[in-house]
1. Starting from residues that are within 26 Å of SER52 (Cβ to Cβ) and open to solvent by 60 Å² or more (accessible area, probe 1.4 Å), keep the ones in the stretch 84-107 and report whichever is modelled with the lowest pLDDT.
2. Can you find, within the stretch 162-220, the residue that is nearest to GLU121 (Cα to Cα) among those that are part of a helix (DSSP H, G or I) and small (Gly, Ala, Ser)?
3. For the stretch 84-115, enumerate the residues that are under 20 Å from the mean Cα position of the chain (by Cα) and in a helix (DSSP H, G or I).
4. For residues in the stretch 43-59 being open to solvent by 30 Å² or more (accessible area, probe 1.4 Å) and assigned to a loop (DSSP other than H, G, I, E, B), which is nearest to LEU174 (Cα to Cα)?
5. Out of all the residues in the stretch 135-144, which are aliphatic (A, V, I, L, M) and surrounded by 22 or more Cβ atoms within 10 Å (Cβ to Cβ)?
6. Give the residues of the stretch 8-31 that are loosely packed, with under 15 Cβ neighbours inside 10 Å and under 19 Å from the mean Cα position of the chain (by Cα), sorted by residue number.
7. What tally of residues in the stretch 32-49 results from selecting those that are farther than 15 Å from ILE206 by Cα and more than 15 Å from the chain's Cα centre (by Cα)?
8. Do you know which residues across the stretch 213-229 are open to solvent by less than 70 Å² (accessible area, probe 1.4 Å) and touching a Lys or Arg at 6+ places or on another chain (Cβ under 8 Å)?
Amino acid sequence: MDTAVTVKDVTQVYVTEERATLAVQGIDFAVARGEFVSLIGPSGCGKTTLLSIIAGLIRPTAGTVSVAGKPVNGPSTRAGYMLQQDYLFPWRTIEDNACIGLEIAGTLTKENRELVLHLLEEMGLYSFKDYYPSQLSGGMRQRVALVRTLATDPELLLLDEPFSALDYQTKLQLEDLVVETLRAKKKTALLVTHDISEAIAMSDRIIVLAPNPGRIRQTYSIPEEIRASVPFEARELPGFHTLFRTIWQEFGGHDA
């Protein structure tokens, strides 16, 4: 397997003056290059902690993480992070917001700015490049955030519930857009979500986490017919509902 991400025996302990909390314990998994994997599980299972460790924002208490064959020792342009909130700067235009990652990396050249404009065009946002964030809808702002993430050409995209603040129709539209874009660009992605349907519709594989401490409970490979469809159409396939019920039962019928 051409591996994009390797997580090896990762454990994370948070220590305060009052106590030590074991957040995740003994996490092992790998993600193939070009694969889309979702991490799901109830609150307290360490989904966002794992994403932060892979992004290099948190150093694990034990274990190792590598991206593109290189150890993760801190934040890097090898990983792009897309969050629930778009975090666009209100005083900057859409074009300038989309260029922030390149600016921070010191790689904002004329050619890279042209790439940003091309990505904005692909996302249907070129005509809004001189607008400000307050003039755009939530869904459009998240598309800008996706452009900002893709502009640095990361090896890996880390998606932390990027659609949860959107209305349902916009969420479905963005799911399709993100999946089609990542497939076309052959990007590797890790998605954290509470939404079982979203995970099934978008992923090649789902890793289910159990809480207290966070650990891998089960892994599911998505059937080829579902993987080959865009998320909106995938939800209508018979195997989709069967898999949904199976994963739902992992949580004893509780909210995931």
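The values are calculated or read from the model by the stated rules, or taken from the named source; none is laboratory data. All values derive from a computational prediction rather than experimental measurement. Note that we place each Cβ from the backbone using ideal geometry, even for glycine, and neighbour counts take in every protein chain shown. These accessible areas exclude ligands, DNA and RNA; they are computed on the full protein's heavy atoms, side chains included. Shrake-Rupley method; radii C 1.70, N 1.55, O 1.52, S 1.80 Å.
1. The selected residue is GLN84.
2. So the residue we want is ALA184.
3. Passing the criteria: ASN97, ALA98, ILE100, GLY101, LEU102.
4. Within the stretch 43-59, the first condition is being open to solvent by 30 Å² or more (accessible area, probe 1.4 Å), and the residues that meet it are 43-44, 48, 57-59.
Right, trim to assigned to a loop (DSSP other than H, G, I, E, B) and you get 43-44, 57-59.
Details: SER43: 24, GLY44: 27, LEU57: 26, ILE58: 29, ARG59: 31 Å.
Per the criteria, the residue is SER43.
5. VAL144
6. Hits for the stretch 8-31 are ASP28, ALA30.
7. Qualifying residue count, the stretch 32-49: 2.
8. GLY214, THR219, TYR220, ILE222
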